[in-house]
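Student: Next up is a structure, given as structure tokens.
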Ligand SMILES: Nc1ncnc2c1ncn2[C@@H]1O[C@H](COP(=O)(O)OP(=O)(O)OP(=O)(O)O)[C@@H](O)[C@H]1O
Ligand SMILES: [Mg+2]
């Protein structure tokens with residue numbers, strides 16, 4: 001059996017003295033959309049940051065069998081991990097096009113995604129290619145961050161709350177994009193607050209509680225697990 | 001009067017552009033790494049001394065090229081093996097480190113070249129009069145300094161706005177973490193910017209050395225003015241640093257040229273309590289002008305002219 005795309009094993013992380021992740025274990029397979037759910041402050045963003053190496057991780061993180069825990073973020077990215085932060089972090093002073101260009105990794109050409117693909121999926125971005133990204137609307141900025149990360153041709157994109165603060169129409173748009181990305185063979189780890197979206201597009205789901213994984217299953221299994229939803233998701 | 005204005009304007013722009021050659025590096029380093037580099041003016045001094053040493057061995061022109069490169073290499077090494085390690089210990093340690101470095105450089109310069117000014121001269125080929133206005137002349141060397149400074153400015157601008165590295169630097173000014181997570185080697189970019197900033201300051205030293213005085217105190221004399229420039233311009237703003245550099249350059253040069261007192265302008269009848277102030281000439285006030293400007297700007301716009309950040 002080939003090694004899994006991403007395998008996280010007993011991951012621990014700290015902010016100073018506070019112990020945030022207490023042994024997180026999960027995996028993502030090639031081309032899969034995996035949802036990571038949980039209440040606010042439970043440590044979902046920290047999990048992604050620890051995988052990227054932006055927060056120092058303890059434990060094992062393997063990408064196609066290779067141990068990557070503790071690599072500096074730029075190397076994790078070059079190994080094929082893409083990150084779309086919940087803060088979006090577009091480069092406001094640069095144009096849309098320049099933002100996309102910076103998504104390309106140094107010395108790599110001929111990735112799966114071209115700028116034309118991005119503009120094809122989001123004509124709005126094409127119209128505003130030479131606009132400074134700081135002037136885009138929240139939804140447009142969200143599309144730009146996702147596209148910017150895709151330009152780096154990742155094998156796995158970790159997306160943190162992409163639909164937060166977006167209009168229902170925009171949410172639909174983003175959901176369709178994620179589907180499209182997965183169809184092209186890019187796996188997605190999706191941190192999502194909106195249960196409906198997560199249930200709709202994920203192939204598998206994890207629920208986090210108290211810095212650990214407390215549930216793993218398919219959308220159908222989570223829908224019928226009333227007790228889990230009550231204890232770990234509903235407020 | 002016309003010649004006074006012409007020459008002061010030229011000198012002011014020249015002084016301003018020199019300030020910007022140093023302030024640009026200082027402010028880029030500050031916004032990227034969050035470090036106020038107290039040793040930045042020391043790189044300027046090193047440039048002047050390296051230029052002096054090379055010029056007396058093989059000539060001024062090789063020095064013009066080699067000295068900034070050497071200073072840049074020193075800067076890159078300082079970042080790679082000094083600052084990067086100290087970084088983990090926090091901002092206070094970084095400040096102390098650059099502070100200490102400034103002293104170390106000054107002591108070393110004194111050990112090698114002595115405490116007295118050295119005789120650093122421009123090339124004989126530039127030893128002529130560029131132009132004459134009425135009875136005052138303007139030396140060719142100053143025109144040369146001005147052209148180098150302007151050329152540097154154009155190159156810097158083109159690098160930052162037209163090249164990929166420039167775009168990465170611009171992005172890293174506001175979002176260094178995000179830039180790294182797109183796969184760019186941000187620590188190496190930091191080293192590059194620190195080295196390039198040092199090289200720019202070094203170049204300013206090489207060309208200013210022969211026109212001003214090359215001495216061990218030149219870093220200490222310049223340092224405070226540089227900080228005034230980047231604070232007045234707004235910490236982290238390159239445009240702000242440019243405007244503030246020119247402003248302070250012009251302000252000081254014009255002030256020096258105005259060798260008259262308020263009494264001569266407004267008449268001898270001063271309000272009694274201002275009697276002493278009335279007799280001070282503007283030229284005497286020139287050295288404090290930047291600080292007066294600093295206080296005024298901070299009162300009116302605490303973030304500096306173009307700054308956005310609060311602290
Ligand atoms: N930089 C930080 N320093 C200290 N504590 C932090 C830091 N970032 C997050 N925390 C704390 O760590 C815990 C987990 O944060 P995290 O951002 O991972 O939560 P989350 O599950 O993504 O939730 P949400 O995004 O809804 O806030 C929270 O209690 C948060 O207060
Ligand atoms: Mg979060």
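Student: Give me the distance between the Cα centres of the range A:37-89 and the range A:193-226, rounded to whole Å.
Tutor: Between the Cα centre of the range A:37-89 and that of the range A:193-226, the gap is 20 Å.
Student: So for B:147, B:42, fewest C-beta neighbours within 10 Å to most, what's the order? Working shown, then result.
Tutor: Numbers: B:147 12, B:42 30.
Placing the least packed residue first, the sequence is B:147, B:42.
Student: Can you sort A:177, B:14 from fewest to most other Cβ atoms within 10 Å of each residue's own Cβ? Could you put the intermediate results ahead of the total?
Tutor: Details: A:177 18, B:14 21.
Lowest to highest Cβ neighbour count: A:177, B:14.
Student: Can you show me the helix-derived [θ] at 222 nm for chain B, built from DSSP H runs with n ≥ 4 at -39,500 (n - 2.57) apiece and divided by the number of residues, rounded to the nearest 500.
Tutor: Working: 15 runs with 220 residues, N = 311.
My calculation for chain B gives -23000 deg cm²/dmol from helical runs alone.
Student: Using Cα-only point scatterers and the Debye equation, what is log10 of I(q)/I(0) for the range A:1-107 at each q in 0.10 Å⁻¹, rounded to two decimals?
Tutor: With no solvent term, the Cα-only Debye profile gives -0.33.
Student: How much space per residue, in cubic angstrom, does the convex hull of the C-alpha atoms of the range A:157-235 take up? Present the calculation step by step, with values, prior to reporting the outcome.
Tutor: Values: hull volume 8.0 nm³, N = 79.
That works out to 101 Å³ per residue.
Student: Let me ask you something else. Against the empirical 2.2 N^0.38 Å scaling, what ratio does the C-alpha Rg of the range B:8-217 come to? Before the final figure, lay out the partial values.
Tutor: Details: Rg = 18.1 Å, N = 210, 2.2 N^0.38 = 16.8 Å.
It is 1.08.
Student: Helix B:164-174 versus the longest principal axis of chain B: what angle, 0 to 90°, nearest 10, using Cα atoms?
Tutor: The angle comes out near 80 degrees.
Student: Hey, with R₀ at 25 Å, roughly what FRET efficiency would residue B:88 and residue A:79 work out to, going by the Cβ-Cβ distance, to 0.05?
Tutor: Details: r = 24 Å, r/R0 = 0.96.
Efficiency at R0 = 25 Å is approximately 0.55.
Student: Could you give the semi-axes, largest first, of the ellipsoid that matches the range A:120-194, computed as the square roots of 5 times the alpha carbon gyration tensor eigenvalues and rounded to whole Å?
Tutor: Working: eigenvalues 74, 48, 25 Å².
Three semi-axes, in Å: 19, 15, 11.
Student: GNM on chain B, C-alpha springs below 10 Å: top fluctuator among B:99, B:131, B:43?
Tutor: B:131
Student: Quick check: the angle from helix B:218-233's long axis to the longest principal axis of chain B, C-alpha only, nearest 10 degrees?
Tutor: Around 90 degrees separate the two axes.
Student: Given the C-alpha atoms of the range B:151-216, compute the convex hull and give its volume per residue in Å³. Please list the in-between numbers first.
Tutor: Numbers: hull volume 6.3 nm³, N = 66.
For the range B:151-216, the hull spanned by Cα atoms encloses 96 Å³ per residue.
Student: I'd like the projected area of the range A:4-232, averaged over all directions, using the convex hull of its alpha carbons. Report it in nm² with one decimal. Before the final figure, lay out the partial values.
Tutor: Values: hull surface 48.6 nm².
Hull-based average projected area comes out at 12.1 nm².
Student: Counting other C-beta atoms within 10 Å, which of B:85, A:62 has the fewest, and how do the rest follow?
Tutor: Values: B:85 11, A:62 17.
Ranking B:85, A:62 by Cβ neighbours within 10 Å, fewest first, gives B:85, A:62.
Student: When 1/r is averaged over all different Cα pairs and the result inverted, which Kirkwood radius in Å belongs to the range B:87-154? The partial results should precede the final answer.
Tutor: On the way: mean 1/r = 0.0617 Å⁻¹.
Result for the range B:87-154, one decimal place: 16.2 Å.
Student: At 1.567 mPa s and 4 °C, plugging the Kirkwood radius over alpha-carbon pairs of the protein assembly as shown into Stokes-Einstein gives what diffusion coefficient in µm²/s? Kindly include the intermediate steps, with their values, before the conclusion.
Tutor: Numbers: Rh = 26.7 Å.
Translational diffusion coefficient: 49 µm²/s.
Student: I'd like the orientation of helix B:140-162 relative to chain B: the angle between its Cα long axis and the longest Cα principal axis, in ° from 0 to 90, rounded to 10.
Tutor: Around 40 degrees separate the two axes.
None of the figures in this text is laboratory data; all of them are computed from the coordinates on show. Remember, predicted model here, so these are calculated numbers, not experimental data. Methodologically, a virtual Cβ is constructed for each residue, glycine included, from the backbone with ideal geometry; neighbour enumeration extends over all protein chains shown.
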